[in-house]
Amino acid sequence: PMLSPFGAPCVKPPWGNLLAIDLHEGKRLWEIPLGSTRDMAPFPLWMNMGVPNMGGSVITASGLIFIGATTDNFIRAFDLQTGEELWKARLPAGGQATPMTYRLSEGGKQYLVIAAGGHKYLGTTLGDYLMAFSLPD
């Protein structure tokens, strides 16, 4: 990527967004900056201004969006209808991967899994982790 001498992208923020589109109406539901500068800048310059990201999202039947593509090493859950951030968890390495969900049995507990391996060129923490979270009933 083209970066300034300070290591920031050469375009104004937000550098990453999460966008929801109503496919029936063909209209944008909402758009929000995705990610913070937490792992790109020293404290107190941590801002939720949208950061470079790489990775996909997964949407559950209950209307949750899970994504971990940001350069701040977090995985987040958003409300599909409003874009409100409902949950986030710190990953031990960058989550530049598409998460998945699964159940071990019909009607059983639902789990969220993401490979947290980082990305050398995005500058996220490198690692070799498979992180699993259980969703509330």
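The values are calculated or read from the model by the stated rules, or taken from the named source; none is laboratory data. Note that the structure is predicted; figures quoted are calculated from it, not measured. Cβ sites come from the backbone with ideal geometry, for glycine too, and all protein chains shown count toward neighbours. Surface accessibility is based on the protein's heavy atoms, side chains included, excluding ligands, DNA and RNA. Shrake-Rupley method; radii C 1.70, N 1.55, O 1.52, S 1.80 Å.
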If you count, for each residue, the other Cβ atoms within 10 Å and average over each peptide, how do 122-133, 61-72 line up from highest to lowest?
-> 61-72, 122-133
Bounding extents of the chain in its principal axis frame from Cα atoms, largest first in Å, are 53, 40, 25
Where the stretch 14-116 is the region considered: accessible area per residue in Å², 1.4 Å probe = 54 Å²
Given 85-92, 48-55, the highest-first ranking by average Cβ count within 10 Å works out to 48-55, 85-92
Any idea what the relative contact order of the chain is, in percent, if you count C-alpha pairs under 8 Å spaced at least 6 apart?
-> 16 percent
Quick one: pull the percent of accessible area on the stretch 32-137 belonging to carbon and sulfur, 1.4 Å probe, ligands and nucleic acids left out.
-> 56 percent
